[in-house]
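The structure appears below as structure tokens.
Every number here is computed from the coordinates shown, using simple stated rules; none is lab data. The shown structure was predicted, so the numbers you read here are calculated from the model rather than taken from an experiment. Glycine also receives a Cβ, built like all others from the backbone with ideal geometry; neighbour counts cover every protein chain displayed.
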């Protein structure tokens, strides 16, 4: 869900199709795994480190992407995502190769002497908190000057540059923020699993996250959360259908795109517009 | 009279020897002209003469092969700058085909137009200190004022794609003006307008000039070009073939030739 929020910044706001998002997730997870195992850095500090390194990597990834657009850009991000996975798979001495890294500490709240352990519930609350905070902050960014620049970039890159939007910086910052969020998600993932390995970060993850964003409605923060919910829950709900489960899942997705291509919560739901409507409706009555 | 003369003596834009090729096609071939402060200058010529290419060179979308462009009293050649830096220097433009941000409201379109006049970044957006809120408030006020100036304030909260064609054209000009430019480039603003809308446009362009903005205009419609232009520049096949007042241009044999073809001389 965090991942969906992060990718929504890149694809939904700035309109840059990124097929290598799992790479940023992986960078976040491996960063925490490495600093925790070798330097014994606790979870909460690791969270910041992971997020920053994924953000940096996101910006690095954006550099070749600055000159490209559309299909070509998608291929570059796809390639970058695969490179990261393959590098992690082959640098045995650092990343442990295909076996991954083991023995990552679980997070805890030191002032309560509480350890999160291996059960799911504490992580559920942790992630819920992170999602709420992230959604709130992203909402603020969306309606700020930078958010407007991103959306202008998505709508019409050429016009945006002629209106004085610094295109390279707008793209870099979108990748950076998206990477930051992916880093947080990666860190939590690594801490919960207690182990990381390259096959958790393959192409399918990128595609699933992208599907969440598109399903919920591109450029819509609530939509991204809803999309993530549905795509995680749907396979479980359909479990009763046994072997037809994935078939039904696929059909549901196709139907969705046919009947509501703008996503469940619609393209970019507009606070400004609603505000205006409400004012207009209130106007005559007030007089 | 004296003061007006002095005003237009001050050159705001100087284009020198601009040349641009696309493959084997020479789109612009050594074009040289200058625009005085406070003037309305029109750029005319047959289709494919290189008018829009010239606009793209001035706004930094293309980097010309040769030549230089100077703006205001600065010595910097605009060729070396990115489009957003050029906008920050005070040149704004509209597009031949409407390029509004379709899924943003009219007000937001204008707020993006003022991008170079504001300075909030990531942290400012996240934490919203007092100065950012004040800046946003001021920006909204200015944007609303611009919409009122263009007579579209009732549509402020409509999505740009839902506006009528005439309003979209106006909104494009308003968005360009939001960056508070010294020089405004209009690329065929009257395209697709009916006669009444064209009259309104003429008034609008004059009003914009009276606010102290110099206007460089590409237009095919002579009913728009002739009455408002202080100076007309004619391009044909990438070359400047004439420059002068409306009357001079109307009588210029080379211009007539470019538009209508050469008279056949019988032996």
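Nearest 5 percent is fine: what portion of the DSSP beta bridges confined to region B:75-221 is antiparallel?
Roughly 10 percent of the DSSP beta bridges within region B:75-221 come out antiparallel.
Kindly put A:52, A:232 in sequence by how many other C-beta atoms sit within 10 Å of each C-beta, fewest to most.
Sorted ascending by nearby Cβ count, the order is A:232, A:52.
Which residues does the label zone of residue B:66 cover in region B:16-41, counting backbone N under 18 Å from a point 7 Å along Cα→Cβ?
Of the residues in region B:16-41, B:16-33 have backbone N under 18 Å from the label point off residue B:66.
Quickly estimate the mean residue ellipticity at 222 nm for chain B, helices only: each DSSP H run with n ≥ 4 gives -39500 (n - 2.57), and the total goes over all residues, rounded to 500.
After summing the helix terms and dividing by the residues of chain B, the value is -11500 deg cm²/dmol.
Where both partners of a DSSP beta bridge lie in chain B, what percent of those bridges are antiparallel, to the nearest 5?
55
Inside 10 Å of the C-beta atoms of A:162-175, what's the mean count of C-beta atoms belonging to other chains?
Average neighbour count from other chains, rounded to a whole number: 6.
Across the residues of B:238-245, average count of Cβ atoms on other protein chains within 10 Å?
0
Could you give the nm distance between label points at residue A:158 and residue A:207, where each point is 7 Å from its Cα heading toward the beta carbon?
3.4
Sorting A:53, B:74, A:200 on the 10 Å Cβ count, fewest up front, what's the list?
So the ranking, lowest neighbour count to highest, is B:74, A:200, A:53.
Any chance you could check the Cα centroid distance between region B:22-95 and region B:243-257 for me, in angstrom?
The two parts, judged by their Cα centres, are 23 Å apart.
Taking neighbour Cβ counts within 10 Å as the exposure measure, how do A:44, A:169 sort from fewest upward?
If I rank by nearby Cβ atoms, fewest first, I get A:44, A:169.
Taking each residue in A:146-156, count the Cβ atoms of any other chain within 10 Å of its Cβ, then average. What number comes out?
6
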